[in-house]
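See structure below.
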Amino acid sequence: MTIDRLAYGGEAVGRHEGLVVFVTGAAPGETVRVRVRAVQRRHVEADVVAVEKASSERVNPRCIHFAQGCGGCSWQHVEEDAQLRAKSEAVRDSLERVGGLRDLPLRPIIAAPSPWHYRNKMEFAFHPDGLLGLHPRGAWNRILPLQECFLSPPSTVALVKAAQEFVRQEKLPLHDPRTHEGLLREMIVRQSRATGEIMVGIVTSPGRFEAAPAMAEHLASVDRNVVSVVRAIRASVNTAAPVQETVVMRGHDHITEVVGGLRFRIGIETFFQTNSAQAERLVALVRELADCSHGCLAMDVYCGVGMFALALAGAGAKVAGVELSEASIVAARANAAANGIANAYFYAGDARSVLPRVLAEHGNPRVLVLDPPRSGAGGKVMRRIARSDPDRIVYVSCNPTTLARDLQELQPFGYRISVVQPLDLFPQTYHVETVVALDRCGRHAPEERAFLSS
């Protein structure tokens, strides 16, 4: 069969006798022989058996684990320009097909400064079968022992190998996802692009961890930038569940990152953009599109630790931030204080229930920014946002499908899209970040108002 294009989700897609086939490991424009892996109602899934005619966009993967099916990358076999085109098309396709949105003002995608060593956070799993590494694609009960990785800084791989060595020597019990037994569950490595500081987090089940001090010293000896080694205790079998307790094993409980001239404290569970270089561009873009004049009221929904809120407040706006995580709100307030910002106010709670209270206290915002999780904001939140009557809405999304559904909710309220800007925050993967600016029809956009008043 012939491959037509790359699909959002990581696979390539083509047709065989009218049947849609999603293929793992293929590149656009090439002819491949495939073996069917699964038959679904409307399509089949397949793996490449042989490349009969290679695509001009195919390149040799840099990492040895890619051929082993590592889940860290999906497009390492495709050249960067083709990845960027596929991501732009994924944004356009989702907004048009899912959201029913046409004549999109789609800007060219903003490429990452480097497609390698860009991640400031990596998570690895302990497993009795493979010690410490990454999961193969679609196999969360197995592990590939890590030998190299080109998504994270080189120090990350050195720390993983040091942890592997220590665990072998001490014969520490590793968590088995099949039986839910064993102490060591995950290892998280975070590194600040601005300061170079490194945090290592060891996620464990509850119980005695007598080797903790020695393990912390061993890991700290690998790199002088390791300023924090912490233990995060999680009782739930669900790997996405929050930890119940964090214990500092060595050094501090945080590292410091700098974005947009602002300093942010990053803890083991703090959500922060994974690509620090592109986060810098993302903050600048949101600040540009929000265009908050001095004293205007802005609202940041799903504000996290305050990255966008503090950037807008630093530009002179009065900002109210809303976030579900109490820990993130505590961090946002601390970040505001550390940066000398007094015109930002933060509220913890679900956006659906907290927004009315925040609106009652501060009034309707002129600009509203939201950066929801991959699942999107949902219709109820989007309708509350629209009823708050902002002149401009700036939506930051990491999932074009849920972005399209949410934007559709705004159309009956008279909002129309003025900017669609994709950014590549995750080279070698199918993920794409998108920033969309919307204006209420019948009102001038912020840049038009500035022109008319000059």
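The values are calculated or read from the model by the stated rules, or taken from the named source; none is laboratory data. Predicted model only: the values in this text are computed from it and were never measured. When we count neighbours, we look across all protein chains shown, and the Cβ atoms used for this are built from the backbone with ideal geometry, even at glycine. Only protein heavy atoms, including side chains, enter the accessible area calculation; ligands, DNA and RNA are left aside. Shrake-Rupley method; radii C 1.70, N 1.55, O 1.52, S 1.80 Å.
Observations on the structure shown:
- Hits in the range 134-182 (condition: open to solvent by 50 Å² or more (accessible area, probe 1.4 Å) and either in contact with a Ser or Thr (Cβ under 6 Å, 6 or more places away or on another chain) or more than 24 Å from Ser221 (Cβ to Cβ) (or both)): Arg137, Gly138, Trp140, Asn141, Arg142, Arg178, Thr179, His180, Glu181
- Here Lys380 fulfils each of the conditions (1) touching a Phe, Trp or Tyr at 6+ places or on another chain (Cβ under 9 Å); (2) assigned to a helix (DSSP H, G or I) apart from (1).
- Identity of the residue in the range 240-284, closer than 30 Å to Arg178 by Cα and hydrophobic (A, V, I, L, M, F, W, C), that ends up most open to solvent (accessible area, probe 1.4 Å): Phe271
- Criterion violated by Val230 - all others in (1) assigned to a loop (DSSP other than H, G, I, E, B); (2) in contact (Cβ under 8 Å) with a residue 12 or more places away in the chain; (3) under 26 Å from Lys171 (Cβ atoms) satisfied: (1)
- So Val227, is it open to solvent by 20 Å² or more (accessible area, probe 1.4 Å) and closer than 15 Å to Ile266 by Cα: yes
- Answer residue from the range 84-120, given it is small (Gly, Ala, Ser) and open to solvent by 30 Å² or more (accessible area, probe 1.4 Å) and is farthest from Tyr430 (Cα to Cα) among those: Gly100
- Whichever residue in the range 212-224 is part of a loop (DSSP other than H, G, I, E, B) and under 20 Å from Gly133 (Cα atoms) and, among such residues, is least open to solvent (accessible area, probe 1.4 Å): Asp223
- Among the criteria (1) surrounded by fewer than 18 Cβ atoms within 10 Å (Cβ to Cβ); (2) farther than 21 Å from Leu84 by Cα, the one Ala54 does not fulfil is (2).
- Screening Val167, Val203, Val189 for residues that are in contact with a helix residue (DSSP H, G or I) (Cβ under 6 Å, 6 or more places away or on another chain) and under 22 Å from His135 (Cβ atoms) leaves exactly one candidate, Val189.
- Looking across the range 305-315, the residues that are open to solvent by less than 10 Å² (accessible area, probe 1.4 Å) and in a loop (DSSP other than H, G, I, E, B) come down to Val305, Gly306.
- Close pairs from the range 318-344: first assigned to a helix (DSSP H, G or I), partner basic (Lys, Arg) and modelled with pLDDT of 95 or more, Cβ under 9 Å, at least 6 apart: Asn335/Arg263; Ala338/Arg263
- Residues of the range 351-383 classified as crowded, with 19+ Cβ neighbours inside 10 Å and over 14 Å from Leu297 (Cα atoms), total: 9
- Check on Glu448, of a type in the set (Asp, Glu), at pLDDT below 95 and open to solvent by 30 Å² or more (accessible area, probe 1.4 Å): yes
- Of all residues in the range 194-220, those that are out of contact with any Pro (no Cβ under 9 Å at 6 or more places or on another chain) and touching a residue at least 40 places away in the same chain (Cβ under 8 Å) total 13.
- Filter result for Val237 (assigned to a strand (DSSP E or B), out of contact with any helix residue (DSSP H, G or I) (no Cβ under 7 Å at 6 or more places or on another chain) and open to solvent by 50 Å² or more (accessible area, probe 1.4 Å)): no
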